[in-house]
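Below you'll find the structure, written out as structure tokens, and then a few comments.
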Amino acid sequence: MSARRTKKARNVEDGVPSATDSAPPGSAPPPLSGRRPPNGRPRGAPYEEGAPPVAAAPTVVVAVPITPEAFAPFGDVVCAGLTEGRSANMGTATRCDWSAALESTRPGARPNLAVFRSLAKTLPFEMTLLEKHPCSTQAFLPMVCTRYLVCVAPALADGSPDVERLRAFRCGPGVGINYRRDVWHHPILALDGPADFAMLAWEDGSPQDCVEWPLAERLLITE
């Protein structure tokens, strides 16, 4: 095949000829809508040379109030009154033991009790990544808080996050959470005002402390 025929074959896609192939000598080329759609635009859609590609609309996820039952596939809700508890401190308190299933799979990792100070964010909020902790649970207990946002997602068979089944929860003061080991989640977001959290996880400083996954999809969290 000659070089001219090779070039012509590359200008034809899905049976639609290009402007140079279909126009007789000296005639005007056909309208732009008959050409191959640029940047994946629908065939025949209005287009101007140099126009930017159309961004895909984000998937909207509505945040709902957290409950122990709804959050159970991803971890524990930590809150006074979820169990009957027992009397403590000479009858001045009620103690609820074993409020979360804490776990660490690395003998060399140490429990790290840290304090997070989170800046206030507002909804709607567009997510850009998820993260997980393959070897440890991670608990967040609000110390100063108005509201905060928790976003979690199950894993697909290959271990990547199933963003189509992502859940978003709104949490208030007095309610903590504990992510199960290896659960995909978004970093904690304070809502309405800044917040302070106590965080507990087992860490050893290796990359397995936290694994991040940048999102290719656009996810918008609303309420």
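Just so you know, all these numbers are worked out from the coordinates, no wet-lab data involved. Quick caveat, the model's predicted, so the values are computed rather than measured. As a convention, Cβ positions derive from the backbone with ideal geometry for all residues, glycine included, and neighbour counts pool all protein chains shown.
Laid out as a table, the results:
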item: Cα-based shape type of the range 125-223, given that a ≥ b ≥ c are square roots of the gyration tensor eigenvalues and the cut on a/c is 1.5; result: oblate
item: Amide H partners (placed H, <5 Å) of E223, local residues excluded; result: A63
item: Dimensionless Rg ratio for the range 62-117, taking C-alpha atoms and the 2.2 N^0.38 Å reference; result: 1.50
item: Prolate/oblate/rounded label for the range 52-158 (Cα gyration tensor, a/c 1.5); result: prolate
item: Extension gain from L215 to C96, taking 0.36 nm per residue of separation minus the Cα-Cα distance; result: 39.0 nm
item: Sum of side-chain charges, A101 neighbourhood, beta-carbon under 10 Å (Lys, Arg +1; Asp, Glu -1); result: 0
item: Label point at D204 placed 7 Å out along Cα→Cβ; residues across the range 122-159 whose backbone nitrogen lies under 20 Å; result: 132-139
item: Cβ-Cβ FRET estimate between T67 and T105, R0 fixed at 35 Å, reported to 0.05; result: 0.80
item: Cα-projected label distance for T222 with L113, points at 7 Å along beta-carbon direction, nm; result: 4.2 nm
item: Cβ-defined net charge surrounding A155, 14 Å radius [Lys, Arg +1; Asp, Glu -1]; result: 0
